[in-house]
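Report on the structure given below.
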Amino acid sequence: MDHLFRRKRVGLLKPLLSLSLVCASFLMIHKLRLAEKDGLGLKRARDADWCGSECFSFKKRVVKSGAGSSDPPLVRQSDAQRVSNGTPASWDAQVLNCSEDASVRTQDWFRRLDPRFHQFVLHRHCRYFPMLINHPEKCTDGDVHLLMVVKSVIEQHDRREAVRKTWGNEETVDGKKIKTLFLLGSPATGKDTKNLQKLIEYEDRIYGDILQWDFMDTFFNLTLKEVNFLKWFGIYCSGVRFIFKGDDDVFVNTRNLLELIDFTVEERREADAFVGDTISKAIPIRNRQSKYYIPKELYDKPYPPYVGGGGFLMSSALARRLFVVSQGQELYPIDDVFLGMCLQKLRLAPQTHPGFRTFGITRRRVSPMNNEPCFYKSLIVVHKLSAPELLRMWSVVHNGALVCAQRTSVWSPGSNQLERPKGHTN
């Protein structure tokens, strides 16, 4: 069960690991205190509502929430209507209680399955988990036009900080309100769980933009972030118009993203909007050394069309439908493929837009095009950048002295795709 649940620590950490963690903790606390002194996010901090790790026990979780969370959050539709649609009025997974499906062990295919997938398969029925940090108030402060949802892990503080200073900055653009949330699980086995948890609670005290669930933050559990967020969204943020979902190492041109949203609304494509860097006719990777390796016993047919998980846009209307269909879809260890499976159940295909480059502007990392700011100015999403690279590129792209050729992006007649921006090709 080590890929889903936190184990009790046994013995003492090795001295070198302890020293490294202590140093890292002091460095992160120092950065967070500087941010707090500078007033970044202080308006979200509520000392009266703050509680530390003592609020959390293994069997029952007391959730740390944002302002006003001691009372039920304001909602735009009645609780009765939500319940009738299969969505609870509040987060109802409060107790960590999910044992393995022992019957699977008797299956011949399971005995042949690569051992690294055993725990995933044994606990694949475990879907919704208690929340360690919640912000039910995030979408109640007026109408939110766009919700930026970012997948991250506790240790990636620098990436979250860079996102907050760039495309994840909560602001209002041309009257359209943008909010940001980071999705996290809990530290994996072998890490300094207690100290890392305290650090993330302290970070959330400053910024108020973290959702955290009580499952281990591992690669196979990225799909849990998808299904738990879809449920959370239906409860607390269903009035939001659009959702951008992405990683914490991408560059997002916010204004270009808002223009795409405007165009989608004007063309009345909002109901089925799911736009990104589409991957079609893909098959499972059988190379055991690959991060994306899938054994035949787990899946043995071509993938449905799906978008790269580095960044994509979907409408609120489609997110609610995805939640419903996801409940009947067996969990899959690759999160973006899982969403493609859910879309297939809805008989929908993701829409391709050339502005989403989830493999970089060009897959050759040494190419000078990957560092050309005019590409970033004309695109919507570019993957993959380090925190310093993101900050530097954001500064250059938003420098008024930068002059680039004008580009346009429109829906091509009779197609469900968008034309490539004029002026540049790969």
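Readers should treat all values here as calculations from the given coordinates under stated rules, not as data from a laboratory. Everything quoted here is computed from the prediction, not taken from an experiment. Because the Cβ atoms are built from the backbone with ideal geometry, glycine has one as well, and the counts that use them run over all protein chains shown.
Residues of the stretch 238-261 that are surrounded by 20 or more Cβ atoms within 10 Å (Cβ to Cβ) and of a type in the set (Gly, Ala, Ser): 246 alone.
So which of 222, 183 is of a type outside the set (Phe, Trp, Tyr) and assigned to a strand (DSSP E or B)?
Exactly one residue qualifies, and that residue is 183.
Screening the stretch 323-347 for residues that are under 15 Å from the mean Cα position of the chain (by Cα) and charged (D, E, K, R) and picking the one that is nearest to residue 127 (Cα to Cα) gives 335.
The set of residues in the stretch 164-189 that are in contact with a strand residue (DSSP E or B) (Cβ under 6 Å, 6 or more places away or on another chain) and either closer than 15 Å to residue 209 by Cβ or of a type in the set (Lys, Arg) (or both) comprises 167, 168, 170, 171, 178, 179, 180, 181, 182, 183, 184. Picking from residues in the stretch 170-187 that are without any contact (Cβ under 8 Å) to a residue 60 or more places away in the chain and touching a helix residue (DSSP H, G or I) at 6+ places or on another chain (Cβ under 8 Å), the one that is nearest to residue 391 (Cα to Cα) is 180. If residue 201 satisfies all but one of (1) buried (at least 22 other Cβ atoms within 10 Å of the Cβ); (2) assigned to a helix (DSSP H, G or I), what's the number of the condition it fails? Unmet for residue 201, out of (1) buried (at least 22 other Cβ atoms within 10 Å of the Cβ); (2) assigned to a helix (DSSP H, G or I): (1). Considering each residue of the stretch 124-131 in turn, at least one proves to be surrounded by fewer than 21 Cβ atoms within 10 Å (Cβ to Cβ), in contact (Cβ under 8 Å) with a residue 12 or more places away in the chain, part of a loop (DSSP other than H, G, I, E, B) and of a type in the set (Phe, Trp, Tyr).
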